[in-house]
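Undergrad: Structure in structure tokens, see below.
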Amino acid sequence: MLTGVEGLDQILHGGLIPRRAYLVRGGPGTGKTTLGIHCLLAGPHSESLFITLGEAEEQLRFNAERSGLAMDNVAVLDVSPGQLSIADSTYNLLESWDVEGNAIHDRILDYVREHRPKRILIDSLSQMRYLSADAFQFRKQILSLLRTLTEEGATVIFTSEESDDGDEQALPFLSDGVISLEPTAHGRLCRITKFRGSGFAEGAHFYQLDENGMTLHPRLIPNHFSAPTAIAK
């Protein structure tokens, strides 16, 4: 399954494997959401779903259009924390945060079972940690969510902030592949640190973000690119 990011499908040896879950991690402004939107737009827009846990739909669409990635026909499901306390008068802020976390989990699954999207972007799962009582419940909820979404036929891309927090560090173990984005003094770098079921081009690959979204530049592998052999006379 193509990601829609120029150069990324090359280092992934053809793209993502369908019906699996992939983590895109990195700090603020590294392009996690941009990469995810590319993936949504690479397939039929009617089969793509953007699940937001932090940013309003209007702002998401505005930012995407500014990046040259208009999401006019992509569905957006806003399950930002706090909405339940407004929509449900029975919700009490003195109750456990688990109430809202479970409600978000269920709302996502209900929507997916009804509309059957094939490509899903969840931005960002870091928000779910604040709704879980402890690390065990957080991992259990995320694993349950990802498994159910892929079993329903979707390929899932989910984002997470780069963090030393132990719970954030658990997310790679719950995914089938990990794409890491990082800024350096020499430019932005992308690394594939996990990819079940297929090989990939290892190492750091430069990428750029501009008005056309994301473009990745695969690094040259010495043994794969050599000068042509001179013809003997």
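Undergrad: Using a Förster radius of 30 Å, what is the FRET efficiency between GLU55 and ARG219 based on their Cβ-Cβ separation? Nearest 0.05, please.
TA: For GLU55 and ARG219, the calculated efficiency is 0.40.
Undergrad: Let me ask something else about it. Put a dot 7 Å past each Cα toward the Cβ at HIS115 and ASN73; how far apart are the dots in nm?
TA: So the label points at ASN73 and HIS115 sit 1.5 nm apart.
Undergrad: A further question on this structure: Quote the FRET efficiency, to the nearest 0.05, computed for THR148 versus GLU6 with a Förster distance R0 of 35 Å and r equal to the Cβ-Cβ distance.
TA: Here the calculated transfer efficiency is 0.65.
Undergrad: What distance in nm separates the simple spin-label points at PHE173 and ARG66, each placed 7 Å from Cα in the Cβ direction?
TA: With each label placed 7 Å out from Cα toward Cβ, I get 3.8 nm.
Undergrad: Rounded to the nearest 0.05, what FRET efficiency do GLU182 and ASP210 have when you use their Cβ-Cβ distance and R0 = 25 Å?
TA: 0.85
Read the figures in this text as sums done on the coordinates, not as results from a lab. All figures in this text were calculated on a predicted structure; none of them were measured in a lab. Methodologically, a virtual Cβ is constructed for each residue, glycine included, from the backbone with ideal geometry; neighbour enumeration extends over all protein chains shown.
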